[in-house]
Amino acid sequence: MVKNNNYYRRIFIKILGFDSAAALCVDGEIMGRSNMYNLSAKIEAAQLGQTHLFYLGQAGFIIKSANGKLLGIDLYLSDCVSRFDGFKRLTPIISLDGLVFDCIIATHAHYDHFDIDSMPNLLANGKTRLIASMKCEKEVSQLGINPNIVNYVKPGDKMKLDEIQLEFVYCDHGKFAPDAFGIVVGINNRLIYIAGDTGLRLDKVDDIKNGRSFYAMIAPINGTFGNLNECESAILCEKFNPELFIPCHYGTFAEQYGNVAEFVKIMNSKQLKYYLMRLGEGIVI
């Protein structure tokens, strides 16, 4: 019998400890295979009335709200880091032609989070706003971005994008980016904690949680440049106890490590729910 890709995907999901694709996001669903050549159309076609999360590699995510609002977070679409740091992009360059965001967030000024090659085009439509860390002001000025569309934020600040609540929280990227922040996204009566580029700071967990429960958590596993490694991410996941953990910040550069097999082994040993997103994949949350 010839088995299609969906068959093997369900087998893989069972290996991760889920009974079915529907159980993967508790009451969510998988949106199908990644197609980087049709990603903009795929995002635009994502059904209204549901909240969608798309993964663009490295630390980049797109959230599409039930009302169609588009929020881009730490989008790295080009290969600009190779020019400045010599880190070659190992994943496909991404085009989001025709996609108009309501807001883009850059959690700090590193070019795999503030993509200097892509940012001017993403902001050229006159509608999209930029939310960025304090030290991104230099890049904004150098790129000639209209300062009137930019909000600079720090941990403790809050903003609202229609039905999306944004809370900017502590993030320890050390000397690499002391102004970096994490994000708590409130949407569809659920909270998503995006840890950002951070080390393990258990002393900050209670302040960020603030007595709340989190549906999903996103955190790095690369263990370099001050970031959480595979084991530390699992420890932080235990402390937040989200219904779903999504690892990021791996696979884009050889120099930044991130052992997915080791992460899977650790998470399975702790019986923690997680999901590895493909480049360009979207899920309903």
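Only one entry of ALA106, ALA124 meets the criterion of being without any contact (Cβ under 8 Å) to a residue 40 or more places away in the chain, under 15 Å from the mean Cα position of the chain (by Cα) and assigned by TED's automatic domain parsing to the domain that holds LEU279, and that entry is ALA106.
I'm checking my understanding of the structure. Among residues of the stretch 139-186 that are among the basic types (Lys, Arg) and assigned to a strand (DSSP E or B), which one is nearest to LEU236 (Cα to Cα)?
Applying the filter and picking the extreme gives LYS158.
Give the residue that is farthest from VAL284 (Cα to Cα), with candidates limited to residues of the stretch 175-222 that are of a type in the set (Ser, Thr, Tyr) and under 14 Å from the mean Cα position of the chain (by Cα). Per the criteria, the residue is THR198.
Go through the stretch 123-161 and count every residue that is within 25 Å of PHE253 (Cβ to Cβ) and surrounded by fewer than 19 Cβ atoms within 10 Å (Cβ to Cβ). Final tally of qualifying residues: 5. The residues of the stretch 251-267 that are touching a residue at least 40 places away in the same chain (Cβ under 8 Å) and either of a type in the set (Lys, Arg) or surrounded by 14 or more Cβ atoms within 10 Å (Cβ to Cβ) (or both), listed by number, are GLY251, THR252, PHE253, GLN256, PHE263, VAL264. For LEU166, the conditions (1) under 16 Å from the mean Cα position of the chain (by Cα); (2) over 23 Å from CYS248 (Cα atoms) all hold with the exception of (2). When the stretch 109-120 is examined, which residues are found to be over 16 Å from the mean Cα position of the chain (by Cα) and within 23 Å of VAL153 (Cβ to Cβ)? Result: ILE116, SER118, MET119, PRO120.
Scanning the stretch 113-122 for residues that are assigned to a loop (DSSP other than H, G, I, E, B) and crowded, with 24+ Cβ neighbours inside 10 Å yields a total of 3.
Only one residue in LYS154, LYS138, LYS175 is farther than 16 Å from ILE63 by Cα and at pLDDT below 95, so which one is that?
Among LYS154, LYS138, LYS175, only LYS175 is farther than 16 Å from ILE63 by Cα and at pLDDT below 95.
The values are calculated or read from the model by the stated rules, or taken from the named source; none is laboratory data. Keep in mind it's a predicted model, so treat the numbers as computed, not measured. Virtual Cβ from ideal backbone geometry, glycine too; neighbours counted across all protein chains shown.
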